[in-house]
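We did not get these values from a lab; they are worked out from the coordinates using the rules stated. Given the structure is predicted, the values throughout are model-derived calculations rather than measurements. Here the Cβ positions follow ideal geometry from the backbone for every residue, glycine too, while neighbour counts run over all protein chains shown.
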Amino acid sequence: MPIRDAVPGDVPLILDMIRELAEYEREPDAVEATEELLASALFAPQPALFCLIAETDSGEPAGFALWFLNFSTWLGRHGIYLEDLYVRPHLRGQGYGKALLAELAGICTERGYGRLEWWVLDWNEPAIAFYRSLGAVPMDEWTVHRVTGDSLHDLAAGT
């Protein structure tokens, strides 16, 4: 199944799929991203964000993987953080998610990166089962923390 790097003309498609993912994850009003913001992050002279697009053999967009580099001080190497993995509902179970993850794993091994990691919602049992079938293990002893909105501004201001 074809997997390719996103190109600038894919930005509207990527944003549409981000919105579909947000709907699936029960957060349809949470998407603040715009085409301009995505285009800037993905296609700047030194991009900080990368995207793979999976397509059917007939060229229909099947899904995407949006990722960026992270770094492990313990490994002393970069890794890939998978921000979003999404396969359109009518194409799930046909190998597109696995193909996207395999492509990312290939990037890791080719470039000497130490790991591929992502988050999954606790209630998303189909995704958890899928990831475990691929050998992924949950990081049960780690809790994600986040600072946003007013708290982010307060922290930046030292208050």
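Remark on the chain: hydrodynamic radius 17.1 angstrom, per the Kirkwood mean of 1/r across alpha carbon pairs. Here segment 83-109 and segment 1-79 have alpha carbon centers that stand 12 Å from each other. Phi-derived couplings, Karplus 6.51 cos²θ - 1.76 cosθ + 1.60 at θ = phi - 60°, listed residue by residue for segment 48-59: 9, 9, 9, 9, 10, 10, 9, 10, 6, 4, 8, x Hz, with x used for Gly and Pro.
Scanning residues 5 or more positions from R88 or on other chains, those with amide H under 5 Å from its amide H are G63, with H placed 1.01 Å from N in the peptide plane. Ranked by the mean number of other Cβ atoms within 10 Å of their residues, highest first, the peptides 60-69, 30-39 fall in the order 60-69, 30-39. Close amide H contacts of I80 (hydrogens built in the peptide plane, cut-off under 5 Å, sequence separation of 5 or more or a different chain): N70, R115, L116, E117. The listed peptides 41-54, 134-147, ordered by packing as a protection proxy, come out as 41-54, 134-147 (highest mean of other Cβ atoms within 10 Å first). Normalised by 2.2 N^0.38 Å, where N counts its residues, the alpha-carbon radius of gyration of segment 1-93 equals 1.14. Estimated from helical segments only, the mean residue ellipticity of the chain at 222 nm is -11000 deg cm²/dmol, where each DSSP H run of four or more residues counts as -39500 (n - 2.57). Close amide H partners of T56, meaning residues 5 or more places away or on another chain with modelled amide H under 5 Å apart, are A62. Label-to-label distance, D154 versus L37, with points set 7 angstrom from Cα along the beta-carbon direction: 2.2 nm. When segment 3-157 is described by a simple charge dipole with +1 on each Lys and Arg Cβ and -1 on each Asp and Glu Cβ, the residue from A48, G114, G97 located farthest towards its positive end is G114.
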